[in-house]
There are 2 protein chains.
Amino acid sequence: LSNAIRIAIDVMGGDYGPQVTVPAALQIASEVSAIELILVGDLAQIDSLLKSAPSGISHKVSTHAATQVVYMDEKPSSALRSKRDSSIHVAMQLVREGAAHAVVSAGNSGAVMAIGRHILKMLPGIDRPAMCAQIPDRHSHCYVLDLGANIDCSSEQLYQYAIMGSVVATAVDKIASPRVGLLNIGEEDIKGNEQIKLAARLLEENKRINYIGYIEADKIYEHAADVVVCDGFVGNTVLKASEGVARLIENKIKDIFSESLYGRVIGVFALPLLRKICTQIDPGKLNGASLLGLQGCVIKSHGGADLASFASAIRMAHAEAYKDVPQLINQQLAIMHH
Amino acid sequence: LSNAIRIAIDVMGGDYGPQVTVPAALQIASEVSAIELILVGDLAQIDSLLKSAPSGISHKVSTHAATQVVYMDEKPSSALRSKRDSSIHVAMQLVREGAAHAVVSAGNSGAVMAIGRHILKMLPGIDRPAMCAQIPDRHSHCYVLDLGANIDCSSEQLYQYAIMGSVVATAVDKIASPRVGLLNIGEEDIKGNEQIKLAARLLEENKRINYIGYIEADKIYEHAADVVVCDGFVGNTVLKASEGVARLIENKIKDIFSESLYGRVIGVFALPLLRKICTQIDPGKLNGASLLGLQGCVIKSHGGADLASFASAIRMAHAEAYKDVPQLINQQLAIMHH
């Protein structure tokens, strides 16, 4: 088992806590061979849920006590200072000590970021962590970052995002030379603010990044790039607007197949097919954002994740830890600065 | 006919020019009673298209020569300087002289804005025009501004957008006290950059605006506000991301109803119903953005508008000119500064 990827799971995080996170971990333990999951949190709750664990996976699952919980509405700075034994804190420490290769948490985003930064530290040359996730597109998906960790970004930070996103797309999706675009409101050189224009110049000069220029937000969904870089305010807004439109369409579809007898009859056959699409593409149902730039793999799951969603966040942690993404980013930065 | 609303149509603008703009104008002339449309552009082209005009509307349609055309990729500043007889320029002058109450153009956005500003001038107290359009939501629509006229906005500008959007929602949709939200990436007070936080304080202090706080982009589609205010970079990105998701879903729906025999059979009945939804809600198919803050009504149509879309831009111009939206904004600003 020495080659297994070890993942620390903050079981207390998220809207449903251990009820969702523990069964999701058990599912992944059954599914993935060389993996070990360390369930971090309240041992009484964890142990009672482990009673119903399927046989044959007990060697892949262990527990680690954490007596405190960071609440979803708690201030990140106070969670960091006053809850040194929170499940987020303890899980991060397991990574720092080398006992785990990655952390997965559905907890308070700000706290995950603050505690991650405090315990794991940033990679040299990276200012702040960026949140990166796969957005589904026409053919597969596109990595978009930052999704809300930093609302104002310098050109240097946008440039760092491009490097980190590029490393992830290569490591996880085996894309040799990922196409990197800068999100802008037009494709012409004159568009955008000063940070974006300067980031474009930095990217044009770097021959190790396959920079393809400015990209408008609608093109994300056409697979026009493998990585799209933007500041956290814009990235978060893209994600939310996309969720909103997807939900609006889902609701309109339900309406149209219920408002007439004809519609209801067709709906019996059409809705099951359509439901499949909504699940495929609703960016809100996608799960797992990587916090890139830290000296360790940290995956943030949606707070409202269900079992399947939380399991996909664990899978993402496995993929990134297996490739040691933080180390790959570090190498790329070292090469570029020499 | 002295009470008719007179609208100057830049017939040369847009991807299809007079082929689309002239028939759209003729349709509106047939449909709306107290209206006069002044077709501005190349008279030879206009006259040949007018030959097929239905009878009984000739008194509602007149022509006005403009010998130059601003191309879609032309620099706004050079179009303003070197093409004083462009159809955009001439149409704006008709409004300034009082010969028309509004302009509709599907031409180069930057040129429409630059020429509009130069000829019509800004309302006192407004720094720059903002682009405002209706975004479809679950129940009706929401006015969002700015959609791309200004990429960096001060808190004062965001505050001006709130006033202008509020006036439009009242004038056009008869909403007595429109709910105004500030777009942000969270609803808590601590979220957002300094401009947004300061704009929130300005709005809280103004008792004439029904400010409801921060709004996340997904809530736009749930009718959580009547007016949503943001900077032009963010607004444009929301619009584009929404278009992208709507198109992605449209394509996925087509795929699913063509990839199996079962799907194809269901599709025969389901697709016509679904097509209706896509037309209703694709923000890219919505047409007509108002340039607010000018001393005159200016409506910008999508460049790629078809006959139906261009006609809806003319309808929007009619609605705003009928209520004299610029004058209403001016009154509101005057009251607030006293």
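With a cut-off of at least 1 residues that are touching a His at 6+ places or on another chain (Cβ under 8 Å) and among the small types (Gly, Ala, Ser), name the helices (runs of 4 or more DSSP H) lying wholly within region A:254-338. Before the answer, list the steps.
Working: elements: A:261-281, A:307-323, A:325-336.
In region A:254-338, the matching helices (runs of 4 or more DSSP H) lie at A:307-323.
Hey, could you check region B:48-75 for residues that are touching a Ser or Thr at 6+ places or on another chain (Cβ under 7 Å) and over 18 Å from residue B:106 (Cβ atoms) and say which is most open to solvent (accessible area, probe 1.4 Å)?
From region B:48-75, those touching a Ser or Thr at 6+ places or on another chain (Cβ under 7 Å) are B:54, B:57, B:66, B:68-70; that's our starting set.
Of the ones still in play, those that are also over 18 Å from residue B:106 (Cβ atoms) are B:54, B:57.
On the way: B:54: 65, B:57: 11 Å².
Here the residue is B:54.
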- Note on the structure: residue A:56 fails exactly one of (1) part of a helix (DSSP H, G or I); (2) of a type outside the set (Val, Ile, Thr); (3) more than 25 Å from residue A:326 (Cα to Cα), namely (1)
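Considering region A:240-278 alone, what residues qualify as being among the acidic types (Asp, Glu) and in contact with a Gly (Cβ under 6 Å, 6 or more places away or on another chain)?
Selection gives A:243 alone.
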- Task: Determine whether residue B:173 is at pLDDT below 95 and among the acidic types (Asp, Glu).
- Result: yes
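Kindly indicate the residue of region A:171-184 that is in contact (Cβ under 8 Å) with a residue 12 or more places away in the chain and more than 11 Å from residue A:230 (Cβ to Cβ) and also farthest from the other protein chains (Cβ to nearest Cβ) among those meeting that condition.
Filtering region A:171-184 down to residues in contact (Cβ under 8 Å) with a residue 12 or more places away in the chain leaves A:171-173, A:175, A:177-184.
Narrowing the set further to residues that are more than 11 Å from residue A:230 (Cβ to Cβ) leaves A:171-173, A:175, A:177-180.
On the way: A:171: 26, A:172: 22, A:173: 19, A:175: 20, A:177: 24, A:178: 19, A:179: 17, A:180: 18 Å.
The selected residue is A:171.
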- Item | Any chance residue B:43 is among the hydrophobic types (A, V, I, L, M, F, W, C), modelled with pLDDT of 95 or more and either surrounded by 23 or more Cβ atoms within 10 Å (Cβ to Cβ) or under 14 Å from residue B:317 (Cβ atoms) (or both) | no
- Residue list for region A:221-265, filter: within 8 Å of chain B (Cβ to nearest Cβ), surrounded by fewer than 21 Cβ atoms within 10 Å (Cβ to Cβ) and free of Cβ contacts under 8 Å to residues at least 40 places away in the same chain: A:247, A:251, A:252, A:256, A:263
- Note on the structure: Screening A:318, A:302 for residues that are buried (at least 19 other Cβ atoms within 10 Å of the Cβ), within 14 Å of another protein chain (Cβ to nearest Cβ) and under 23 Å from residue A:39 (Cα atoms) leaves only A:302
- Single condition residue A:211 does not satisfy, out of (1) surrounded by 20 or more Cβ atoms within 10 Å (Cβ to Cβ); (2) over 29 Å from residue A:302 (Cα atoms); (3) within 14 Å of chain B (Cβ to nearest Cβ): (3)
- Residue hits (region B:137-168; open to solvent by less than 10 Å² (accessible area, probe 1.4 Å), over 12 Å from residue B:231 (Cβ atoms) and within 14 Å of another protein chain (Cβ to nearest Cβ)) are B:137, B:142
- Query: Pairs under 6 Å by beta carbon, first residue modelled with pLDDT of 95 or more in region A:322-338, partner open to solvent by 80 Å² or more (accessible area, probe 1.4 Å), six or more apart or different chains?
  - Reply: A:326/A:295
- Does region A:279-295 contain at least one residue that is hydroxyl-bearing (Ser, Thr, Tyr), within 13 Å of another protein chain (Cβ to nearest Cβ) and under 21 Å from residue A:15 (Cβ atoms)? yes
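If a residue must be part of a strand (DSSP E or B) and surrounded by fewer than 22 Cβ atoms within 10 Å (Cβ to Cβ), how many such residues does region B:118-132 contain? Steps first, please.
Step one: list which residues in region B:118-132 are part of a strand (DSSP E or B), which gives B:122, B:130-132.
Checking the rest, the ones that are also surrounded by fewer than 22 Cβ atoms within 10 Å (Cβ to Cβ) come to B:122.
The number of residues fulfilling the criteria is 1.
The values are calculated or read from the model by the stated rules, or taken from the named source; none is laboratory data. Remember, it's a predicted structure, so these values are computed and weren't measured experimentally. Positions of Cβ are backbone-derived with ideal geometry, glycine not excepted, and every protein chain shown enters the neighbour counts. For accessibility, only protein heavy atoms count, side chains too; no ligands or nucleic acids. Shrake-Rupley method; radii C 1.70, N 1.55, O 1.52, S 1.80 Å.
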